[in-house]
1. Under 14 Å between alpha carbons, and skipping anything fewer than 8 positions from Lys73 in its own chain: which aspartates and glutamates qualify?
2. List, in order, the whole-Hz ³J(HN,Hα) value for each residue of the range 51-67 obtained from phi through the Karplus relation with A = 6.51, B = -1.76, C = 1.60 and θ = phi - 60°; use x for Gly and Pro.
3. Which pairs break 29 Å Cα to Cα here: Lys27/Lys180; Lys56/Lys204; Lys57/Lys95; Lys57/Lys180; Lys57/Lys153?
4. According to a simple spin-label model (label point 7 Å from Cα along Cα-to-Cβ), what is the distance in nm between Ser82 and Met39?
5. Which length gain, in nm to one decimal place, applies between Arg48 and Ala25 when the Cα-Cα distance is subtracted from 0.36 nm times their residue separation?
6. Give me the extension gain from Cys162 to Arg201: residue separation times 0.36 nm, minus the current Cα-Cα distance, reported in nm with one decimal.
7. Taking K and R as +1 and D and E as -1, what net charge do the other residues with C-beta under 11 Å from the C-beta of Ala219 add up to?
8. What translational diffusion coefficient, to the nearest whole µm²/s, does the range 19-112 have by Stokes-Einstein, given a Kirkwood radius computed over alpha-carbon pairs, a temperature of 4 °C and 1.567 mPa s viscosity?
Amino acid sequence: SHGSRSGGRGRSRSNSSAVAQVDEATKDQRTIFVSQLVMRADERDISRYFRRKVGKKVRDVILLRDKRTGRHKGCAYVELSSLNDVDRALEATGKVPDFQRFPILIKRTEAEKNLLAGTTSASFTPGSITTSSITGGVPLQLTSDGKRIEAQKVYVGSIDRCVTQAQLHALFSQFGQLDKVLLQMDMNTGMSRGFAFLSYRDPKEANLAIQTMSGQMLAGRPLEA
């Protein structure tokens with residue numbers, strides 16, 4: 001009887017290692033990419049939100065952090081328990097979670113990988129937010145200590161009239177250090193003209209903002225140039 005008991009244990013052990021291998025193989029497909037997170041959002045907020053959304057515990061939350069400052073960049077990878085949870089989690093894209101006032105964006109990580117590889121996937125095509133250097137396309141000027149002189153300018157259009165300059169600053173400062181947000185106002189009516197110029201210190205941050213926010217819904221309208 002001892003032999004049969006130990007044999008049973010051995011079987012369950014090999015089963016669990018097989019499950020672990022399957023888990024590892026599906027990890028990428030079970031992991032979603034979440035962006036537009038506010039600075040004060042942490043792993044616990046995100047984990048709790050998705051646990052409620054999919055009705056199951058989240059395996060892991062990895063916030064992408066700036067190596068220098070240690071602050072997160074408003075993006076996270078969330079590993080869900082099973083492939084079935086992914087579609088349920090994706091339904092939360094464009095919705096406002098309980099821990100912030102702006103909607104979050106959720107994508108499958110394959111789309112994110114394609115984006116980083118420089119190809120546009122069907123599920124995520126950059127819209128018409130564009131970037132241009134303030135100096136009119138002059139190559140980046142560096143100071144003697146390697147700092148860039150001019151900022152990177154981003155044009156954002158199709159902004160709903162109810163969106164304020166402060167809200168734009170809060171939304172776009174998640175991607176990096178914003179030097180300036182200029183929401184264009186109509187001098188006669190004092191109303192927003194529906195487009196703005198943003199200045200980032202770092203072109204990488206400007207590009208991240210463009211890639212993430214292009215075509216995304218803000219106050220019910222897709223942002224564009």
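Every number in this text was worked out from the coordinates using simple rules, so none of it is lab data. The shown structure was predicted, so the numbers you read here are calculated from the model rather than taken from an experiment. Positions of Cβ are backbone-derived with ideal geometry, glycine not excepted, and every protein chain shown enters the neighbour counts.
1. Qualifying aspartates and glutamates at Cα under 14 Å: Asp42, Glu43, Asp202, Glu205.
2. Values, residue by residue: 5, 5, 5, 9, x, 9, 5, 8, 5, 7, 10, 10, 7, 7, 10, 6, 4 Hz.
3. Result: Lys27/Lys180; Lys56/Lys204; Lys57/Lys180; Lys57/Lys153 exceed 29 Å.
4. About 4.0 nm separates the two model spin labels.
5. On the way: separation 23, 0.36 × 23 = 8.28 nm, distance 2.50 nm.
Taking 0.36 nm per residue and subtracting the Cα distance, the gain is 5.8 nm.
6. Gain in length upon complete extension: 11.3 nm.
7. Working: positive: Arg161, Arg221; negative: Asp160.
The answer is +1.
8. On the way: Rh = 13.3 Å.
Stokes-Einstein gives a translational diffusion coefficient of 97 µm²/s.
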